[in-house]
Structure formats: C-alpha cells, structure tokens
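This report concerns only the one structure given below.
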Amino acid sequence: MPSLKGKVATPQGVDGDYENEFQLELFPECCETQSKGRFITFEGGEGTGKSTQIKLLSDYLHSIQINNIQTKEPGGTEIGQSLRSLLVTGDKDKFDAVAEALLYYADRRIHLTNKIWPALNEGTWVLSDRFADSTVAYQYYGYDKKVSKPLLDDLYQIAVGDFKPDLTILLDLDPKIGLERSFKKSLEMDVKETRHESRGLEFHNNLRKGYLELAQNEPERFVVLDANKNIEQLHIDVVKAVKERFKL
Ligand code: TMP
C-alpha cells in the first residue's frame, strides 16, 4: 500500500488525493497555535501505578491553582467507554491487530475532539492515562502479529496530526511485579479487564523494551521513572519531572 503520509492531514487542512472527497476540518481546534493548557500522558505496562500517580499529580496541580482534568485511553469519553469494553475484555485473540489499532484510534480521535482539545483550548491541563505510545508499545512491539510501524504512523497522522503530548511520563517496572499487582486488582473488578494481562511474560517483556526504545528516541518528550518505588516516593519524582519540564 502506498504511504498516506503527506497526503491526508496537516494542521493547515487536508491536501493531496483526499482533497475533493474529504472536506472535514480535521484539526479544528488544536495545533495551529500552541494550546494554552498542557497535555501530560502517563505510559507503562500493566500494574505500573499510572492511575494512582495521575490522581496524585492532579491533586498537586490543583493545590498550586493549575486547573486540570484526569482522563484515560481507551474510554476517556462516554462513547469511548463502549469501545473500551470491547477492547479490554474477552478473548485476547478476538480481533485482528489492524482492526484493533483502528478501534484504539477511533477512541483516540473521539477523545481528542470531544475532550482533550476543548480542555486544552480553555487553558485546562489534561492528564491522560495512556495515549498513542500505548498503541505502538502494545500493537507493534508487544504483539506477535504486529501492525506495521508505518501503518501506525499513518493512523497517527490521520487522527492526531502534528499534535503530541508536552510531556510523557513512562513508569518503568519489571512486568513480573506489574502483572502480579494487576491480577490482584482484577480480583476486585466485576468485569475483568484483563485481555492484555493474559498475554505471556514474553509479550510484557517486549512491551517494556519497546517503551524504553520509544523514550530513547524522543528524550525531549519522555521522562522515564523507576516505578518500583513506593507511591509517595514515585509521586515526588513525578512532581519533580513536571516542575522541571514546565518551569513551575
Ligand atoms: P488500562 O487502562 O487498565 O491500562 O487498560 C487498557 C489496556 O488497553 C491495557 O492493557 C493497554 C491496552 N491498550 C492497547 O493495547 N493499545 C492502546 O492504544 C491503548 C490506549 C491501550
């Protein structure tokens, strides 16, 4: 398949082959000017403590009068909740990986247009538990039957354009520890969101390596933190990273 790159979407509008058939304004509210709020994403494998750290960071930011919202992928919007239940429950092989990547991107696009971009434009900071790095880590580095990297890059261009997080905090942890935490947590859930946890340890090790490679490739965006610390110590590291990045 010829690459779609450069033909589909730019922050300035749509160009190339799609111009006549696809007049939708793809990037309505973001990208052209630097948004007022900041977009911080948390990434990592299973059981790395992302949701706990996001909550603590949100409380800290509120305490210094920075308005912010907490959100997540998949399922950061009401519509996205239905996509989330399709994606995180049930048999691990129920989708072809391309179909799965498209569903994650549908969820992401709804998340951006309905929640993330409007919030940033109002000056609200957005803290998201996962974003597009998760798709590369899981559907490319993790999966045996992977989605190709160029295809994922094209999907990013179509759905997200040149927009990207201002800071990505990668919580790095030995998957053996993370999976144990995550299984314990799942015992308390009515609906078991363990579709990916049920993949083998090799998958989770590849995922971890993939995340670290992503961080190495974009050191200006990522901060990697050792998640094998207690909650309070890790929170101190998160706050330090945020203060340094945004000169708070
Ligand atoms: P979590 O919110 O509890 O981490 O669950 C989301 C699951 O979905 C997690 O196992 C990672 C997976 N996932 C992907 O495989 N690709 C993606 O693009 C995203 C956002 C999540």
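The values are calculated or read from the model by the stated rules, or taken from the named source; none is laboratory data. Keep in mind that this is a model prediction, so the values were computed, not measured. FYI the Cβ positions are ideal-geometry reconstructions off the backbone, even for glycines, and counts take in every protein chain you see.
Residue count for segment 189-224 under the criterion of being part of a loop (DSSP other than H, G, I, E, B), surrounded by 12 or more Cβ atoms within 10 Å (Cβ to Cβ) and within 13 Å of the ligand (Cβ to nearest atom): the result is 8. Exactly one residue out of 96, 174 is among the acidic types (Asp, Glu) and at pLDDT below 95, and it is 96.
Looking across segment 40-59, just one residue is assigned to a strand (DSSP E or B) and of a type in the set (D, E, K, R), and that is 43. Taking the numbered list (1) free of Cβ contacts under 8 Å to residues at least 24 places away in the same chain; (2) touching a Cys at 6+ places or on another chain (Cβ under 7 Å) in turn, residue 99 passes all entries but (2). Within segment 133-157, restricting attention to residues that are in contact (Cβ under 8 Å) with a residue 24 or more places away in the chain and more than 18 Å from residue 95 (Cβ to Cβ), which residue is nearest to the ligand (Cβ to nearest atom)? Checked segment 133-157; the qualifying residue nearest to the ligand (Cβ to nearest atom) is 133. Can you name the residue in segment 174-188 that is out of contact with any Leu (no Cβ under 8 Å at 6 or more places or on another chain) and buried (at least 18 other Cβ atoms within 10 Å of the Cβ) and, of all such residues, is farthest from residue 86 (Cα to Cα)? Among them, the one singled out is 178.
Is there a residue being of a type in the set (Val, Ile, Thr), surrounded by 18 or more Cβ atoms within 10 Å (Cβ to Cβ) and part of a helix (DSSP H, G or I) anywhere in segment 129-146? The answer is yes; a qualifying residue exists. Exactly one residue out of 100, 73 is in contact with a strand residue (DSSP E or B) (Cβ under 8 Å, 6 or more places away or on another chain) and acidic (Asp, Glu): that is 73.
Yes or no, residue by residue, for (1) hydroxyl-bearing (Ser, Thr, Tyr); (2) in contact with a strand residue (DSSP E or B) (Cβ under 8 Å, 6 or more places away or on another chain):
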{"site": "165", "(1), (2)": "no, yes"}
{"site": "170", "(1), (2)": "no, yes"}
{"site": "181", "(1), (2)": "no, no"}
{"site": "198", "(1), (2)": "yes, no"}
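Selection of segment 174-188 for residues being over 15 Å from residue 48 (Cα atoms) and either in a loop (DSSP other than H, G, I, E, B) or in contact with a helix residue (DSSP H, G or I) (Cβ under 8 Å, 6 or more places away or on another chain) (or both) yields only 188. Which ones in segment 72-92 are in a helix (DSSP H, G or I), within 13 Å of the ligand (Cβ to nearest atom) and not charged (D, E, K, R)? 80, 81, 83, 85, 86, 87, 88, listed by residue number.
Can you confirm whether segment 80-87 contains a residue that is exposed (fewer than 15 other Cβ atoms within 10 Å of the Cβ) and within 19 Å of residue 39 (Cβ to Cβ)? Among the residues of segment 80-87, not one is exposed (fewer than 15 other Cβ atoms within 10 Å of the Cβ) and within 19 Å of residue 39 (Cβ to Cβ), which makes the answer no. Considering segment 93-128, and only residues there that are part of a strand (DSSP E or B) and either closer than 13 Å to residue 77 by Cα or among the aromatic types (Phe, Trp, Tyr) (or both), the residue that is nearest to the ligand (Cβ to nearest atom) turns out to be 128.
In segment 158-173 there is at least one residue matching the filter, namely being assigned to a helix (DSSP H, G or I), touching a residue at least 24 places away in the same chain (Cβ under 8 Å), crowded, with 19+ Cβ neighbours inside 10 Å and under 15 Å from the mean Cα position of the chain (by Cα).
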